Amino acid sequence: MHHLMLDIETLDVTPSAVILVVAAVFFDPKTGKLGAEFEATVNSQQEQPGRTFNLATIAWWAKQSDEARKLAFGGTDSLKRVLTNLKHFIHMHSTDKVKVWGNGKEFDCTILEHAFNQFDIPCPWNFWDTQDVRTIVTLAELHGFNPKKARPFEGTPHRALDDAKHQARYVADAISALYYRKTPSA
């Protein structure tokens with residue numbers, strides 16, 4: 001497999017956001033089959049110099065489930081270690097040049113690319129190999145199918161790994177709908 005769905009949890013929505021959790025799952029976008037998984041939580045008590053947070057995002061976290069908050073704020077690793085482990089995970093499990101998906105690509109992919117750059121760690125994907133979940137969903141909606149609404153969520157919302165798996169599954173649903181559904185008549 002060489003398609004990788006990313007999901008991160010942060011304290012901001014800018015490229016320099018403080019990162020709490022990084023998760024990834026390899027998947028086959030034609031079938032929805034899931035492969036190797038990665039999830040690592042950053043120590044939220046450890047400073048991330050040069051990374052930002054905003055009060056609106058912190059307030060948003062206060063409204064999430066106890067389980068999601070516990071997972072997001074319970075890490076022990078440094079951000080640098082999490083990024084290094086993610087890079088090794090990708091190299092160990094990808095079968096080709098990895099295609100990295102984010103929801104949208106300018107959130108997950110861009111924030112991680114910024115962090116890799118900040119730590120002088122070569123990013124394990126090329127910028128031209130990033131894919132956008134939102135675009136696939138929009139294309140499916142144009143054909144009368146909303147994969148996000150059609151697929152029930154499995155797991156804990158805002159647990160990064162559960163979110164990544166869910167996104168991978170509904171991307172496959174959308175691709176299937178685009179290939180096998182008839183186009184609505186004009």
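Bear in mind that the values in this text are calculations on the coordinates, not laboratory data. Only a predicted model underlies this, so the values are computations on that prediction, with no experimental measurement involved. Here Cβ is always computed from backbone atoms with ideal geometry, including for glycine, and neighbour counts include all displayed protein chains.
Listed by chain and number, the aspartates and glutamates whose alpha-carbon sits under 12 Å from that of LYS80, ignoring those within fewer than 8 places in the same chain, are GLU47, ASP120. Dipole magnitude for the chain: about 500 debye, using +1 per Lys or Arg Cβ and -1 per Asp or Glu Cβ, origin at the Cα centre. Over 20 Å apart at the Cα level, from the set LYS105/LYS148; LYS33/LYS87; LYS70/LYS99; LYS33/LYS70; LYS33/LYS99; LYS70/LYS105, are LYS33/LYS87; LYS70/LYS99; LYS33/LYS70; LYS70/LYS105.
The ranking of LYS33, LYS165, LYS80, LYS63 by Cβ neighbour count inside 10 Å, starting from the fewest, reads LYS63, LYS33, LYS80, LYS165. Using the alpha-carbon positions of the chain, Rg (one decimal) and Dmax (whole number) come out as 16.5, 56 Å.
Listed values for segment 47-56 are Karplus-derived 3J(HN,Hα) couplings in whole Hz (6.51 cos²θ - 1.76 cosθ + 1.60, θ = phi - 60°), namely 4, 10, x, x, 9, 10, 9, 9, 5, 5, and x replaces Gly and Pro.
Could you work out the relative contact order of segment 56-153, using alpha carbon pairs under 8 angstrom and six or more residues apart, expressed as a whole percent?
Working: 55 pairs, mean separation 23.2, N = 98.
So the answer I get is 24 percent.
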